[in-house]
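The values are calculated or read from the model by the stated rules, or taken from the named source; none is laboratory data. Here the structure is a predicted model, which is why all the values come from computation and not from measurement. Every residue, glycine among them, receives a Cβ derived from its backbone with ideal geometry; neighbour counts consider all protein chains shown.
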Ligand SMILES: [Zn+2]
């Protein structure tokens, strides 16, 4: 077998280099945060609907802070 073929096969299995799982950047995170919080508050599967966002929040203090304030804001709006 040509070693280059093996590299291609491995690349297909392992995917692009980088951390495993879907990667969410800050821009995508901010774009989806509204929907994520809505899903969380609705008791829906927010993690399943927006994969990788929870992981991004765990590793990104700026977005985590944004998530917390948005969560407080949206949940506060729901209080009758
Ligand atoms: Zn971020």
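Values as computed for the structure displayed
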item: Tally, over segment 1-40, of residues that are surrounded by 10 or more Cβ atoms within 10 Å (Cβ to Cβ), at pLDDT 80 or above and assigned to a helix (DSSP H, G or I); result: 14
item: Spans of helices (runs of 4 or more DSSP H) in segment 41-80 with at least 1 residues more than 16 Å from the ligand (Cβ to nearest atom) and surrounded by 12 or more Cβ atoms within 10 Å (Cβ to Cβ); result: 46-49, 61-78
